[in-house]
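Asker: Let me begin by handing over the structure; questions about it come next.
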Amino acid sequence: MTAANVRIPDDIAATLVDPQAYAGDRIHDAYCWLRANNPLGVAEPEGFDPFWVVTRHADIFEVSRQNMLFHNGDRPTTLVSKVGDANARAITGGSPHLVRSLVQMDEPDHRKYRALTTAWFSPRNVRALEDEIRAMARNAVDRMAAAGGACDFVAAVALGYPLRVIMRILGVPDSDEPRMLALTQDIFGTQEPEKQAQVAALPPEIQAQLFAAIIADLTGYFGAINADRRRNPRDDVASIIANATIDGQPICEKEATGYYTIIATAGHDTTSSSLATGIAALAENPALFAQMKAAPGLIPGFVEEAIRWATPVKTFMRSATEDTELAGRKIAKGDWLMLCYASGNRDEAVFDQPFEFRPDRPATKNIAFGYGAHLCLGQHLARLELRIFMEELLPRLSSIALDGPVDMIASCFVNGPRHLPVRYSMA
Ligand code: HEM
């Protein structure tokens with residue numbers, strides 16, 4: 001039984017596991033209450049194992065910094081119900097992880113696998129892609145112009161542009177984009193809770209068969225790319241993965257597939273959501289639009305603020321490897337913790353007026369990319385994509401406004417606008 005001062009009230013605990021709460025302001029109301037009243041408490045929502053809820057920026061930072069103490073590998077790294085966890089373990093034969101990628105690894109493997117592509121994703125290396133990415137951004141802005149003054153920004157631009165960039169870095173031909181998108185969406189299931197519930201309701205053995213078919217598809221698809229890059233290495237990430245060795249051995253098929261899959265998935269929805277959120281802020285706020293038109297030098301600050309504002313990765317989970325103490329609370333070995341990045345990024349202790357969108361904010365610690373060992377590998381690429389897009393769009397845009405309600409994806413993991421209807425005029 002959790003002590004009364006530690007336990008989070010049931011209604012707030014239920015909000016934390018309700019995907020619909022993340023589609024509106026309800027989740028931020030809960031986070032504000034938690035930061036003020038119980039910033040490190042235990043949630044015991046029905047159907048879920050209890051977990052610590054880490055809502056303050058400083059505590060998220062502390063947990064992320066100490067990755068040996070707060071592991072990724074032992075328990076699910078994303079929020080899943082008891083049934084979801086049991087199903088995953090039934091499918092995999094005991095592991096809570098359906099795929100094994102960087103996100104599920106701990107030391108010593110994590111460091112070795114991450115080191116393979118760290119240099120490729122460095123600021124200097126991704127800057128070398130600037131001309132190619134600019135051509136893709138220009139193309140996307142042209143599509144907006146061709147749409148004739150109104151579009152759903154998500155469908156017209158935000159989904160396609162980052163996907164094109166990811167496909168380029170993986171070396172997947174443009175013609176395979178629809179297949180790639182379908183494969184990577186299959187692996188994580190759709191974001192929509194109804195679809196997730198449909199799959200979760202199937203018997204574990206049927207889920208296992210479905211999952212095995214998806215893995216076979218992914219392994220087949222990326223296996224062919226892997227084999228090709230061994231014969232014909234290029235300047236893409238696929239060539240690095242295909243020709244990599246760990247402890248003197250080529251990386252095995254399962255880990256190679258996991259590597260391709262994490263890059264293909266982690267770099268897509270997150271960047272799309274941040275871009276769409278930035279455009280929504282411009283469309284909702286004429287003063288912000290005027291400010292950006294008058295001072296395009298603010299674009300890097302705008303990009304940083306759009307990513308903070310969106311914080312598209314809402315949560316990741318960790319588990320404690322030892323009994324320990326954090327912010328005055330006693331955490332036991334094996335306890336599960338929820339890192340609430342979207343709460344950390346609205347923490348009043350770190351951000352002045354956190355609920356205002358300010359492109360001219362002084363540089364602060366944006367926690368949207370996480371921190372520590374698992375700090376987002378693609379952060380420099382994501383910033384570059386957003387900056388280049390804004391540099392291409394802003395000079396051509398003379399006005400922009402919302403053309404209907406913004407419809408948000410309901411998910412406790414990654415979310416952002418599902419539809420963003422905008423009206424605009426362009427030169
Ligand atoms: C990990 C956010 C774009 C690749 C992560 C994590 C977060 C995150 C929160 C986990 C950190 C943790 O567990 O502590 C974002 C956001 C993005 C973005 C907000 C866009 C605005 C990208 C892009 C790529 C990428 C463009 C690659 C093309 C990865 C990979 C990891 C990761 C490979 C796993 C790193 C590891 O576990 O060592 N990202 N990401 N991300 N991200 Fe991103």
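The values are calculated or read from the model by the stated rules, or taken from the named source; none is laboratory data. What you see is a predicted model; the values in this text were computed from it and never measured. Because the Cβ atoms are built from the backbone with ideal geometry, glycine has one as well, and the counts that use them run over all protein chains shown. Please note that ligands, DNA and RNA were not included when accessible areas were found on the heavy atoms of the full protein model with its side chains. Shrake-Rupley method; radii C 1.70, N 1.55, O 1.52, S 1.80 Å.
Asker: For the range 212-370, what class follows from the C-alpha gyration tensor (a ≥ b ≥ c being the square roots of its eigenvalues): rounded when a/c is under 1.5, otherwise prolate if a/b is larger than b/c, else oblate?
Answerer: On the way: a/c = 2.74, a/b = 1.39, b/c = 1.97.
Oblate is the answer for the range 212-370, as a/c is 1.5 or above yet b/c matches or exceeds a/b.
Asker: For Phe121, what accessible surface area do you get with a 1.4 Å probe? Give it in Å², rounded to 10.
Answerer: Surface open to solvent at Phe121 totals about 10 Å².
Asker: Heavy atoms only, probe 1.4 angstrom, no DNA, RNA or ligands counted: give me Ser64, Ser425 ranked by accessible area, highest first.
Answerer: Values: Ser64 0, Ser425 50 Å².
The residues order as Ser425, Ser64, largest area first.
Asker: Too long at a 28 Å Cα-Cα cut-off: which of Lys82/Lys112; Lys254/Lys365; Lys82/Lys254; Lys254/Lys330; Lys314/Lys365; Lys112/Lys330?
Answerer: Details: Lys82/Lys112 32 Å; Lys254/Lys365 35 Å; Lys82/Lys254 26 Å; Lys254/Lys330 37 Å; Lys314/Lys365 16 Å; Lys112/Lys330 32 Å.
Pairs exceeding 28 Å: Lys82/Lys112; Lys254/Lys365; Lys254/Lys330; Lys112/Lys330.
Asker: A follow-up question, please. Near Lys333, which aspartates and glutamates are there with a Cα under 20 Å away, not counting those fewer than 8 places off in the same chain?
Answerer: Glu44, Asp49, Asp59, Glu62, Asp74, Asp85, Asp106, Glu107, Glu322, Asp323, Glu325
Asker: Explain nothing, just the number: dipole magnitude of the chain about its Cα centre with +1 on each Lys and Arg Cβ and -1 on each Asp and Glu Cβ, in debye rounded to the nearest 20.
Answerer: Details: 42 positive and 52 negative charges, 178 e Å.
I would put it at about 860 debye.
Asker: Could you tell me whether the chain comes out rounded, prolate or oblate from its Cα gyration tensor? Rule is a ≥ b ≥ c as square roots of the eigenvalues, rounded for a/c under 1.5, then prolate if a/b exceeds b/c, otherwise oblate. Before the final figure, lay out the partial values.
Answerer: On the way: a/c = 1.57, a/b = 1.11, b/c = 1.42.
Verdict is oblate for the chain.
Asker: Using protein chains only and a probe of 1.4 angstrom, how many square angstrom of Val406 are accessible, to the nearest 10?
Answerer: 50
Asker: Would you look at the GNM of the chain, springs on alpha carbons closer than 10 Å, and say which of Leu337, Leu386, Leu218 moves the most?
Answerer: Result: Leu218 has the largest fluctuation of those listed.
Asker: How big is the accessible area of Glu305 in square angstrom, nearest 10, if you roll a 1.4 angstrom probe over the protein chains?
Answerer: The value for Glu305 is about 10 Å².
Asker: Accessible area per residue, 1.4 Å probe, Å², for the chain: what's the number? Could you put the intermediate results ahead of the total?
Answerer: Working: 18210 Å² over 427 residues.
Heavy-atom SASA per residue in the chain reads 43 Å².
Asker: Would you pull out the residues with amide H under 5 Å of Phe316's amide H, same chain only if 5 or more places away, H placed 1.01 Å from N?
Answerer: The answer is Leu339, Tyr341.
Asker: GNM, the chain, Cα, under 10 Å: largest mean-square fluctuation among Asp247, Asp228, Asp25?
Answerer: Sorting by GNM fluctuation, first place goes to Asp247.
Asker: List the residues whose amide H sits under 5 Å from the amide H of Leu397, counting only those 5 or more places along or on another chain, with H placed 1.01 Å from N in the peptide plane.
Answerer: Excluding prolines and chain starts, which carry no amide H, the hits are Ala427.
Asker: At 20 °C and a viscosity of 1.002 mPa s, what translational diffusion coefficient does Stokes-Einstein give for the range 313-378, taking Rh as the Kirkwood radius over Cα pairs? Give it in µm²/s as a whole number.
Answerer: 154
Asker: Something else now. Give me the percent of DSSP beta bridges within the chain that run antiparallel, rounded to the nearest 5. Display every interim value, and only then the final one.
Answerer: Details: 27 of 31 bridges.
Restricted to the chain, the bridges split so that about 85 percent are antiparallel.
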